[in-house]
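Remarks on the structure that follows.
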Amino acid sequence: MAGQSQPAGVVRVARPVLSTIVLNTALQIPGVVRMAHSNDQWTRLLGRDVPHQGVTLTVKDNTVSADLYLIVKSGSNIVEVGTAVQEEVASAIQMMIGMQVQDINVYIQDIA
């Protein structure tokens, strides 16, 4: 058809780019202090496995699932912060990359 261009090839997004989008989006949510790390005091004491950057991604058939491990500001409504993170991260993935989101799981590891 006239006026429509054909794709020139394939566009692939590297996993670190997806991880950066997730991290940056989560850290912009009011109440999020930082991502939990595997060397955090409480994660070591409790014997929990926390990924190095505080996020684990699973990508299958253009669908993303993410587990985020957060440190939340003391005095924040933890449920509201977690819900906002879920909504904003899912929206960022869909808008910036066009991938479907299956799950955004938020684990509050501590308050600071």
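Counting other beta carbons within 10 Å of each Cβ, put K73, K60 in order, fewest first. The partial results should precede the final answer.
Values: K73 14, K60 8.
Lowest count first: K60, K73.
Students often check this: by mean Cβ neighbours within 10 Å, which of 16-24, 95-103 ranks highest, and how do the rest follow? Kindly include the intermediate steps, with their values, before the conclusion.
Details: 16-24: 16.0, 95-103: 13.1.
Peptide ranking by packing, descending: 16-24, 95-103.
Taking amide H positions as placed in the peptide plane 1.01 Å from N, state which residues far from I104 in sequence (5 or more) or on other chains have amide H under 5 Å from it.
Excluding prolines and chain starts, which carry no amide H, the hits are A66.
Using the 10 angstrom Cβ neighbour count as an exposure proxy, how do D110, D61 rank, fewest first?
With the sparsest Cβ surroundings first, the list reads D61, D110.
So, in nm, how far is label I97 from label H52 when the simple model puts each one 7 Å beyond its Cα toward the Cβ?
Here the answer is 1.8 nm between the modelled labels.
Antiparallel as a % of all DSSP beta bridges within the chain, to the nearest 5? Could you put the intermediate results ahead of the total?
Values: 9 of 19 bridges.
Here the antiparallel bridges make up roughly 45 percent for the chain.
Between 0 and 90 degrees, rounded to the nearest ten: what's the tilt of helix 78-96 against the longest Cα principal axis of the chain?
20 degrees
Distance in nm between label sites at S5 and K73, each 7 Å beyond Cα in the beta-carbon direction?
About 4.4 nm, to one decimal.
Residue separation times 0.36 nm, minus the C-alpha to C-alpha distance between E80 and T20: what's the value? Walk me through the intermediate numbers first.
Numbers: separation 60, 0.36 × 60 = 21.60 nm, distance 2.26 nm.
Extra length from E80 to T20 when fully extended: 19.3 nm.
Work out the FRET efficiency for Q28 and D61 from their Cβ-Cβ distance, taking R0 = 25 Å, and round it to the nearest 0.05. Display every interim value, and only then the final one.
Values: r = 28 Å, r/R0 = 1.14.
Using R0 = 25 Å, I get an efficiency of 0.30.
Bear in mind that the values in this text are calculations on the coordinates, not laboratory data. Predicted model only: the values in this text are computed from it and were never measured. We place every Cβ from the backbone using ideal geometry, glycine too, and count neighbours over all the protein chains shown.
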